[in-house]
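One structure below.
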């Protein structure tokens, strides 16, 4: 994400518009754009419930890093979690971010991390809440997947199906709400584990339900494990 514009400056001032950084000599200013909760909502949120604010970030202290967001998440849990926010608070959320300035030797500039920095273009962290992407991350794999299939979504699906349910080869797998983020990954893992008879029950928008023919008969006889791996807010 880049600065959206600059203003002409006098010899005594250096100004920035929008998100980004700008500097004059040893002077450095960082502006971040952050989505905040303007008004609590009931039912489906609208644009009027949120406000995009521009804030100036302070200079880095020893041990801190400046992050620039590359990808942000919008997750179902945010609907419920937003009820705990005060109006004016920044919306929560994970992001894949790049370290653009560092005073922390563990996170040099250029490091790509996963951070719970909220819905903002830039943020400051002391490094305790940061998770580095593996050094061997393939160039052909988008880093955005660290927020999905290779992140919390994928881990929930993997541990839920393989560890909690203990699914083994040759069993039948039924996935409730397989159209969702976790459910869709569960289906892919089930296929990779070579379950020849897996089937799905998927909820679709507007109340419609699409079912695999086998799912119309309900869970098979002898079903022993049922794990709820995600809850709709």
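Tell me whether the range 46-67 contains one or more residues that are touching a residue at least 12 places away in the same chain (Cβ under 8 Å) and touching a helix residue (DSSP H, G or I) at 6+ places or on another chain (Cβ under 8 Å).
The answer is no, given that none of the residues of the range 46-67 is touching a residue at least 12 places away in the same chain (Cβ under 8 Å) and touching a helix residue (DSSP H, G or I) at 6+ places or on another chain (Cβ under 8 Å).
In this structure, is residue 63 at pLDDT below 95, assigned by TED's automatic domain parsing to the domain that holds residue 131 and either on the phi > 0 side of the Ramachandran plot or in contact with a strand residue (DSSP E or B) (Cβ under 7 Å, 6 or more places away or on another chain) (or both)?
no
Can we say residue 108 is in a loop (DSSP other than H, G, I, E, B) and under 20 Å from the mean Cα position of the chain (by Cα)?
Here the answer is no, as residue 108 does not meet what is asked.
Any chance you could count how many residues in the range 50-69 are crowded, with 16+ Cβ neighbours inside 10 Å and either under 21 Å from the mean Cα position of the chain (by Cα) or more than 23 Å from residue 125 (Cβ to Cβ) (or both)?
Matching residues across the range 50-69 total 6.
Which one is surrounded by the fewest Cβ atoms within 10 Å (Cβ to Cβ) among residues in the range 163-190 that are under 23 Å from the mean Cα position of the chain (by Cα) and part of a loop (DSSP other than H, G, I, E, B)?
179
The values are calculated or read from the model by the stated rules, or taken from the named source; none is laboratory data. Given the structure is predicted, the values throughout are model-derived calculations rather than measurements. Neighbour counts are summed over all protein chains in view; Cβ atoms, including those assigned to glycine, are modelled from backbone coordinates with ideal geometry.
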